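What follows draws every value from the coordinates through simple rules; no lab data is involved. Quick caveat: nothing in here was measured; it's all calculated off a predicted structure. All Cβ positions, even for glycine, are placed from backbone atoms using ideal geometry, and neighbour counts span all protein chains on display.
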Amino acid sequence: MRSIILAVLAVLLLGAGLFFISGCSDGASSKSVAAVGYIYSADAVTAAKFKSLLETNGILTDLIPLSSLSNTDLSTFKLLVMADDTATEIHHWLGTADQAQQIKASAKPLIAVGNGTTLFDTTPFQLEIGYFESMLDTGTATLVSDPAYFTGITGAGTAGASVTVLTTSAYAVAAYGAHLTAASHTIGVDAVTSGYYPVCRQGIYATWGFITTPDKLTNDGKKLLVNLANALINPT
């Protein structure tokens with residue numbers, strides 16, 4: 001009798017447009033969509049460290065092996081990160097021409113890490129902030145070029161201030177300022193050799209030139225990287 005009453009009630013509610021089924025699923029995942037796609041070649045350990053740093057700061061991140069990139073839908077991401085290990089130290093990006101075009105066609109902001117800046121030299125990009133227009137230098141600090149990216153870092157409120165971003169000296173790929181035009185925007189200046197920029201932007205593309213792992217960043221270095229990511233994810 002109770003089942004008949006429930007069935008009649010369901011029909012009445014359905015007719016009124018109020019019927020719903022609780023606890024049912026159409027199979028769609030409720031998983032949160034990652035904001036960042038971190039593309040790497042083989043160094044899964046460093047990839048996991050970048051993921052941890054970003055997610056600790058509220059930026060959900062998916063790891064994308066370069067070998068799987070061609071089968072990855074990039075449309076859901078707000079930002080891509082190109083890892084240092086996606087290129088060799090002899091100016092050679094390890095991806096294919098089709099993959100470079102796939103990334104360019106996605107029109108997603110992208111941060112290139114270290115040697116990953118070589119992506120910006122490929123045919124679809126050919127940016128002035130790429131590896132070819134840069135130099136390698138070593139050090140632990142950067143000078144402030146644009147204070148807006150140094151929010152939350154003590155003493156970094158004025159251009160020219162020095163910020164220690166690494167706990168130990170490491171190589172950095174730094175864009176040559178003399179070759180940059182108004183199309184580019186400088187953020188951090190090489191503290192050893194003036195006129196070179198390890199952190200800069202050209203439109204929606206940016207460089208994080210430091211060739212090191214996130215655990216070798218100081219707290220200020222971590223804040224700078226997270227600020228850069230947030231600036232690209234949430235442009236003003």
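Between residue 88 and residue 234, what's the calculated FRET efficiency when r is the beta-carbon distance and R0 is 35 Å? Round to 0.05.
Efficiency computed from Cβ-Cβ geometry: 0.55.
Quick check: residue separation of residue 97 and residue 76 times 0.36 nm, minus the Cα distance between them. What number comes out in nm?
Stretched fully, the residue 97-residue 76 segment lengthens by 5.4 nm.
Between residue 123 and residue 52, what's the calculated FRET efficiency when r is the beta-carbon distance and R0 is 30 Å? Round to 0.05.
Result of the calculation: an efficiency of 0.30.
Would you mind putting 194-200, 61-67, 79-85 in packing order, based on average other-beta-carbon counts within 10 Å, highest first?
Going by the mean number of other Cβ atoms within 10 Å, highest first, we get 79-85, 194-200, 61-67.
With +1 on each Lys and Arg Cβ and -1 on each Asp and Glu Cβ, how big is the dipole of the stretch 33-233 about its Cα centre, in debye rounded to the nearest 20?
In total the dipole reaches around 440 debye.
Taking each full run of DSSP H in the chain as one helix, which ones are at least 27 Å long along their axis (Cα atoms) and have mean Kyte-Doolittle hydropathy of at least 1.0?
For the chain, where a helix must reach 27 Å along its axis and average at least 1.0, there are no hits.
Amide H to amide H under 5 Å from residue 81: which residues, 5+ apart in sequence or cross-chain, H placed 1.01 Å off N in plane?
37, 38, 39, 111
Answer rounded, prolate or oblate for the stretch 34-143, using the Cα gyration tensor with square roots of eigenvalues a ≥ b ≥ c: rounded when a/c is under 1.5, else prolate when a/b is larger than b/c, else oblate.
Because a/c hits 1.5 or more and a/b fails to exceed b/c, the stretch 34-143 counts as oblate.
For the stretch 49-108 and the stretch 138-162, what is the separation of their C-alpha centers, rounded to whole Å?
Answer, in whole Å: 27.
Can you compute log10 of I(q)/I(0) for the stretch 161-223 with the Debye formula, treating each Cα as one identical point scatterer, at q = 0.26 Å⁻¹?
-1.18
Assign one of three labels to the stretch 80-236, namely rounded, prolate or oblate, based on the Cα gyration tensor with a ≥ b ≥ c the square roots of its eigenvalues; rounded applies when a/c is under 1.5, prolate when it is not and a/b is larger than b/c, and oblate otherwise.
The shape class here is prolate.
Given points 7 Å out from each Cα along the Cα-Cβ axis, report the residue 159 to residue 136 separation in nanometres with one decimal.
Those two pseudo-labels are separated by 3.1 nm.
In a shell of Cβ-Cβ distance under 12 Å around residue 145, excluding residue 145 itself, what net charge do Lys and Arg (+1) and Asp and Glu (-1) give?
-1
So for the pair residue 218, residue 146, with labels modelled 7 Å out along Cα→Cβ, what separation do we get in nm?
About 2.2 nm, to one decimal.
Calculated FRET efficiency, residue 104 and residue 44, Cβ-Cβ r, R0 35 Å, to nearest 0.05?
0.85
Answer rounded, prolate or oblate for the stretch 106-192, using the Cα gyration tensor with square roots of eigenvalues a ≥ b ≥ c: rounded when a/c is under 1.5, else prolate when a/b is larger than b/c, else oblate.
prolate
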